[in-house]
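Please read the structure below before turning to the comments.
Computed from the coordinates by the stated procedures, all read-outs in this text should not be read as laboratory data. Everything quoted here is computed from the prediction, not taken from an experiment. Every residue, glycine as well, gets a Cβ built from its backbone with ideal geometry; the counts of neighbours run over all protein chains shown.
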Amino acid sequence: MKKRIYDTIIVGSGPAGLTAAIYASRAKLKTLVLAGSTPGGQLTLTTDVEDFPGFPEGIQGPELMTQMRRQAERLGAEFVDGDATKVELRPKPFKVTSGTEFFLVKTLIIATGASARWLGLPSEQRLIGKGVSACAVCDGAFFKGKKIALVGGGDSAIREALFLTRFASEVSVIHRRDKLRAFPALQEKAFSEVKIKFIWNSVVEEVLGRDKVEGVIIKNTNTSESKKLTIEGLFIAIGHKPNTDFLKGKVELDKKGYVVVKDKTKTSVPGVFAAGDIHDWKYQQAVTAAGAGCMAAMDAQKWLEEEYPD
């Protein structure tokens with residue numbers, strides 16, 4: 001039996017992927033979403049979302065993703081809850097493999113996002129969304145007047161620490177070295193900020209608390225001495241890893257593994273587009289990802305009209 005050829009396949013089901021699915025389906029494109037083995041993207045790790053437009057009382061991250069998926073399904077998008085394990089971009093149509101299945105497609109939208117780098121502690125993973133976060137902009141406002149800590153020492157970490165001082169009463173920056181890697185101007189701002197204190201040559205051994213963060217155990221890397229720090233929130237700022245392993249050698253990636261785009265969404269392969277954190281290392285917000293998903297779907301539609309006029 002002849003294999004069905006989709007107009008577009010969207011890989012990923014976070015805000016970028018689901019918005020792309022909504023726009024592509026509404027444009028009457030035959031649309032398939034490979035939602036991943038853990039559908040919904042990073043927002044499924046977030047409890048309260050207060051900065052996504054249209055929800056004046058806020059909304060739970062998983063509920064927002066569920067509603068966006070329902071909208072895409074109502075408009076005709078098909079979903080497969082599996083990961084893209086392989087893509088073949090030559091010749092056309094493209095071929096996308098997920099497990100033991102493969103799908104043929106005219107255009108491809110990559111929206112697999114980026115994953116926060118975590119410390120890898122069981123106690124940390126258990127308390128994600130319960131006081132442990134990897135996004136200061138997303139969750140900082142929930143810690144007004146509270147003592148919190150942040151792990152990291154690079155540019156992003158210090159920017160996040162400075163941002164968190166708008167809300168927290170005290171921000172303890174825990175860094176495994178005795179000096180920061182951040183840009184000197186950022187360091188100067190951080191050192192002059194009275195709400196920020198630094199805990200040098202230290203790593204987090206354990207996050208304390210049963211249902212919410214109540215503190216951390218910190219180990220000094222020089223003396224091996226451990227001590228407790230009482231806090232109500234822990235932010236991890238040690239970087240992100242773009243989910244692009246399956247794209248290596250297929251489309252152009254930068255030295256950090258992010259997809260290189262031009263004209264907002266176009267990759268190095270005509271007919272292949274990217275949206276969201278897969279290329280946006282700067283903003284990494286649900287609303288910017290959603291906007292990129294819209295643009296990618298519209299660009300894919302335009303490309304189809306030009307390449308397949310019939």
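The mean sequence separation of alpha-carbon pairs under 8 Å and at least six residues apart, normalised by the residue count of the range 118-236, gives a relative contact order of 31 percent.
In the structure shown, the pairs Lys86/Lys256; Lys228/Lys282; Lys30/Lys264; Lys28/Lys241; Lys179/Lys241 are assessed against 27 Å; a Cα-Cα span above that value is assigned to Lys228/Lys282; Lys28/Lys241. Charge tally for Ile59 (other residues, Cβ to Cβ under 15 Å; Lys, Arg +1; Asp, Glu -1): -4. Across the range 186-310, the relative contact order, built from alpha-carbon pairs under 8 Å that are at least six residues apart, equals 12 percent. As a length-normalised measure over Cα pairs under 8 Å and 6 or more apart, the relative contact order of the chain settles at 21 percent. Backbone amide hydrogens, once placed in the peptide plane, bring Ser115 within less than 5 Å of Lys241, Asn243, excluding anything fewer than 5 places away on its chain. In the chain, taking the dipole from charged Cβ atoms about the Cα centre, the farthest positive-side position among Ala237, Pro91, Thr66 is held by Pro91. For the chain, which DSSP H helices look membrane-span-like by this rule: Cα extent along the axis of 15 Å or more and mean Kyte-Doolittle of at least -0.5? Passing helices, by number: 15-26, 286-307.
By the Cβ distance rule of under 4.7 Å, the chain has these cysteines without a partner: Cys294. Positive contributions from Lys and Arg (+1) and negative ones from Asp and Glu (-1), summed over other residues with Cβ under 9 Å from the Cβ of Ala289, come out at -2. The alpha carbons of the range 114-216 occupy a box of 37, 27, 27 Å along the principal axes, longest dimension given first. Per the Kirkwood formula applied to alpha carbons, the chain shows a radius of gyration over Rh ratio, Rg over Rh, of 1.03. Ranking Thr38, Asn220, Ala21 by how far each Cα lies toward the positive end of the dipole of the chain (charges on Cβ) leaves Asn220 at the top. Largest GNM mean-square fluctuation across Ala111, Ala182, Ala77, computed for the chain with C-alpha springs under 10 Å, falls on Ala182.
On the beta carbon distance between Lys228 and Arg70, with R0 = 45 Å, the FRET formula returns roughly 0.50.
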